[in-house]
Amino acid sequence: MKSNKALEKIKILYDRLKTKLRLPDKKLNLKPEMSQETVKLAFSKPHSLAYQLIGEKTERVLPLFRDLDSALQKSGLKVAFKPYVSLTVFATILISFAMLIFVSFLLIGAFRVPLLSAVMFGVGGSLFTSAFSLIGFYVYPIYRADKIRRELEDELPFITGYMAILTSAGVSPEKIFYSLSNLSVPLTVSAEAKDVVRDVNLFGLDIISALEQTSKQTPSERFREMLEGFISTIHSGGNLPAYLREKSRQYMKLKRINLRKFSDTLSILSEFYVALLITGPLLLIIMLAVMAMLGGGSLGILSPDLLLGLLTYLGIPLGSIMFLIILDAVSPKW
């Protein structure tokens, strides 16, 4: 209410000035909803806001990110190439600037470091953060596409069997993918099937063209091979249930082989986890505790107490998070 009253007073003042100075008759568009819409856009669609702000200025750096175009299409992210690059550049600039200010003020206020040295450390931290941000934005679509690939390949033995049952019952290909898109248990293949249904119902494509479009965008080679064989069988008038049953048997054999490989990989990862995140930190904690009791072994501003705190509250949690990410990247879903 106060903001609306203030805007009304500004409009009255503007009308008085307009009558006195004989300004041209133009409406003063002061909308309090503009800032609210901008804030909502920043939180709901940050890539759209970044594209509106610096979209035209990122044309020069687009060739550096040309590999991201195909990765974005395969990752399932509903973001176009140019807005994503704009978001990458905009977020990197903001993060690097925030890190420069944070590191500089931290060193000056907490550690009494001289101004020039603090700014130099801040610039170094800003450059490191910028590189980390760029790598993160670049790798994220690739990681998403790889995750979708693994999930699709895990589901293929069961999905092809389910499709074989439906085709044996005389269900048409359009209704098969409609059934896959509306499964009671949400699967990764449901998102791919929804794209097929959308292309058929919304864009007016036939089922063959929709399957060809999906096969070009999927990150899984096995799923692409299955769709292409599905299309070829429809074109040639072959036995579609027999084709899908054979594919289901092939994918089940591959899944058994992959599960054996995963058990070997899991045993190796468990040994690494014990060595790097249990035994190693335990030895370092004992060594740093003894050094702190003896009152020596400091490395400049890094005292044994500070090293012990960094290892306990920063090193071990970050190492555990990295291990969980690696474990998630190699673990099958089914």
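Brief remarks follow.
- Under the condition of being more than 15 Å from Tyr84 (Cα to Cα) and either in contact with a Phe, Trp or Tyr (Cβ under 9 Å, 6 or more places away or on another chain) or surrounded by 15 or more Cβ atoms within 10 Å (Cβ to Cβ) (or both), the residues counted in region 128-142 number 2.
- Any hit, region 73-85, residues being more than 14 Å from the chain's Cα centre (by Cα) and hydroxyl-bearing (Ser, Thr, Tyr): no
- Candidates Lys253, Lys333 - the one that is touching a residue at least 24 places away in the same chain (Cβ under 8 Å) and within 30 Å of Met163 (Cα to Cα): Lys333
- Residue within region 218-239 that is more than 26 Å from Ile165 (Cα to Cα) and surrounded by fewer than 14 Cβ atoms within 10 Å (Cβ to Cβ) present: no
- Checked against the criterion of being part of a helix (DSSP H, G or I), more than 30 Å from Asp206 (Cβ to Cβ) and touching a residue at least 12 places away in the same chain (Cβ under 8 Å), the candidates Ser263, Ser267, Ser248, Ser320 yield just one match: Ser320.
The numbers here are math on the coordinates, done by the rules we state, and not lab data. Not measured: the values here are computed from a predicted model. Note: ideal-geometry Cβ built from the backbone for every residue, glycine included; neighbour counts use all protein chains shown.
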